[in-house]
Amino acid sequence: MKFILIITNRYDSHADCMIKKFWERGVSFLRFNTDDYPRTNKITFNLDTKKEDILFYFNKQSITNKDILSVWLRRPLSPGISKEITNPDARVFAKDESKAFLENLWNVLDCLWVSPPRSIKIAQYKLLQLQIAKKIGFKVPKTIVTNKIEDFLRFWNECNGEVIYKTLGKNQIPSQKKKGMYRLIYTNKIKDVDLNKIIEEIELAPCLFQEYIPKKIELRVTIVDSEIFTCEIHSQKSEKTRIDWRKYDFENTPHIASKLPKDIEEKCIELIDFYNLKFGAIDLILTPQDEYVFLELNPNGQWLWIEQLTGLPISEALFRLLTKEVKI
């Protein structure tokens, strides 16, 4: 019996969606929540002169690497360390060692990955994304990353004050109001009143700024293997979502299944292929002049809300990819 290994966390609704399909169609799977490791889930890597085995233990069940058909690397979280470890330094050490073991393990597990761990990691670098997208032929926004005031002000003037700020790395920071909770940092358009604050703080850490691109609509392009699913997000119909559609206003922001021009589809596939990804979510803008502008690639982006709003069969494509060697 061959298994689909799902690497994710306890709270992942996308994994819940796919697991329902696996259950209904008799496909064997194992869900590995990294936030339960090493507290409840167990793994052994064994290498000697005669054999090489990776053993996964889930409750009373165990499988080896030879039982795994494919791996869906979805949304792993940091390892969950036992409360029995009370020393803060020991907790940090245990978490670091657990994370290091998992990262080592994912890179020696030989099977179909959606997507390969190293590919996902490299594809997360936003500046490389912009460089590659530009070489492929996409139009990209003017971009600067700097902690030098003079360079920022020069960029501000070049863009006539039409500038947005976005994060270069993670878009979450710990909440100051609720312990253990996080708040999102959205893409924001800089106003004249923000300038003094930016000038005061820009030297403290590098900041990513881009020219503001006027939008007719935005597009979320989800690619599974070589299948393309395009969703128009009419973000300009809601004041809440005009700058960043992730502020979500579903009642006033139509989501419509669509299709890209062939040359834009080809560029999207070329970008995914460059990184050796099996899955990717690409954000584009269609300007009022009907130009397509590349914004960002998320190698492990969310897609369930698009399927629910538009009926685009993204989960079916993912099911086919993960189980293509299974006789159902």
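The values are calculated or read from the model by the stated rules, or taken from the named source; none is laboratory data. In this text, all values refer to a predicted model and were calculated from it rather than measured experimentally. Cβ coordinates were reconstructed from backbone atoms using ideal geometry, including for glycine residues, and neighbour counts include every protein chain displayed. Please note that ligands, DNA and RNA were not included when accessible areas were found on the heavy atoms of the full protein model with its side chains. Shrake-Rupley method; radii C 1.70, N 1.55, O 1.52, S 1.80 Å.
Just to be sure I understand the filter: pairs with C-beta atoms under 6 Å, separated by 6 or more residues or on different chains, first member in the stretch 254-278 and within 21 Å of ILE306 (Cβ to Cβ), second member hydrophobic (A, V, I, L, M, F, W, C) and assigned to a strand (DSSP E or B). Which pairs pass?
These pairs meet every condition: HIS255/CYS231; HIS255/ILE233; GLU265/ILE228; CYS268/VAL221; CYS268/ILE282; ILE272/ILE223; LYS278/VAL114.
Let's see how each residue does on (1) part of a strand (DSSP E or B); (2) open to solvent by 40 Å² or more (accessible area, probe 1.4 Å):
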site	(1), (2)
ILE223	yes, no
CYS231	yes, no
LYS240	no, yes
ARG246	no, yes
PHE250	no, yes
THR253	no, no
ALA257	yes, yes
GLU265	no, no
GLU270	no, yes
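If a residue has to be touching a Phe, Trp or Tyr at 6+ places or on another chain (Cβ under 6 Å) and surrounded by fewer than 14 Cβ atoms within 10 Å (Cβ to Cβ) to count, how many in the stretch 33-65 make the cut?
Within the stretch 33-65, residues that are touching a Phe, Trp or Tyr at 6+ places or on another chain (Cβ under 6 Å) and surrounded by fewer than 14 Cβ atoms within 10 Å (Cβ to Cβ) number 1.
Please work out if ILE85 is touching a helix residue (DSSP H, G or I) at 6+ places or on another chain (Cβ under 6 Å) and under 26 Å from LEU277 (Cβ atoms). If you could, list the steps in order and put the result at the bottom.
Values: touching a helix residue (DSSP H, G or I) at 6+ places or on another chain (Cβ under 6 Å): yes; under 26 Å from LEU277 (Cβ atoms): no.
No, not satisfied.
Can you name the number of the only condition in (1) over 18 Å from GLN308 (Cβ atoms); (2) open to solvent by less than 90 Å² (accessible area, probe 1.4 Å) that GLU203 fails?
(2)
Can you give me the ranges of the strands (runs of 3 or more DSSP E) entirely in the stretch 80-173 with at least 2 residues that are buried (at least 18 other Cβ atoms within 10 Å of the Cβ)?
112-114, 163-166
Tell me, yes or no, whether the stretch 105-119 has at least one residue that is of a type in the set (S, T, N, Q) and more than 23 Å from ARG31 (Cβ to Cβ).
No, the conditions are met nowhere in the stretch 105-119.
What is the number of the single condition among (1) of a type in the set (Asp, Glu); (2) in a strand (DSSP E or B); (3) closer than 30 Å to LEU271 by Cα that ASP16 does not meet?
Answer for ASP16: the failing condition is (2).
Quick grid of which residues meet (1) outside any strand (DSSP E or B); (2) at positive phi; (3) basic (Lys, Arg):
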| site | (1), (2), (3) |
| --- | --- |
| LEU5 | no, no, no |
| LYS21 | yes, no, yes |
| VAL27 | yes, no, no |
| ARG31 | no, no, yes |
| ASP35 | yes, no, no |
| THR44 | no, no, no |
| ILE54 | no, no, no |
| SER70 | no, no, no |
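Quick check: anything in the stretch 311-328 open to solvent by 50 Å² or more (accessible area, probe 1.4 Å), in a loop (DSSP other than H, G, I, E, B), on the phi < 0 side of the Ramachandran plot and touching a Gly at 6+ places or on another chain (Cβ under 7 Å)?
yes
Do we have any residue at all in the stretch 15-30 that's of a type in the set (Lys, Arg) and surrounded by 15 or more Cβ atoms within 10 Å (Cβ to Cβ)?
Among the residues of the stretch 15-30, at least one is of a type in the set (Lys, Arg) and surrounded by 15 or more Cβ atoms within 10 Å (Cβ to Cβ), which makes the answer yes.
What are the residues in the stretch 118-166 that are small (Gly, Ala, Ser) and at pLDDT 95 or above, if any?
SER119, ALA123, ALA133, GLY137
Any residue that is under 26 Å from GLY301 (Cβ atoms), in contact (Cβ under 8 Å) with a residue 12 or more places away in the chain and touching a Cys at 6+ places or on another chain (Cβ under 9 Å) - is there at least one of those in the stretch 71-79?
yes
Can you report the number of residues in the stretch 25-50 which are under 22 Å from the mean Cα position of the chain (by Cα) and among the small types (Gly, Ala, Ser)?
Here is the first cut: in the stretch 25-50, the ones under 22 Å from the mean Cα position of the chain (by Cα) are 30-37.
Next, from what is left, pick out any that are among the small types (Gly, Ala, Ser): none.
Residues in the stretch 25-50 being under 22 Å from the mean Cα position of the chain (by Cα) and among the small types (Gly, Ala, Ser): 0 in total.
Determine the pairs where a residue that is closer than 20 Å to LEU208 by Cβ, located within the stretch 280-305, has a partner that is hydroxyl-bearing (Ser, Thr, Tyr) and in a strand (DSSP E or B) with Cβ atoms under 7 Å apart, the partner being 6 or more residues away or on another chain.
Within 7 Å, the pairs are ALA281/THR222; LEU284/TYR292.
Scan the stretch 288-310 residue by residue and report those that are within 19 Å of the chain's Cα centre (by Cα) and open to solvent by 30 Å² or more (accessible area, probe 1.4 Å). Write out each step before concluding.
We begin by selecting, within the stretch 288-310, every residue within 19 Å of the chain's Cα centre (by Cα); these are 294-308.
Answer for the stretch 288-310, where residues must be within 19 Å of the chain's Cα centre (by Cα) and open to solvent by 30 Å² or more (accessible area, probe 1.4 Å): LEU295, GLU296, ASN298, GLN302, TRP305, GLU307, GLN308.
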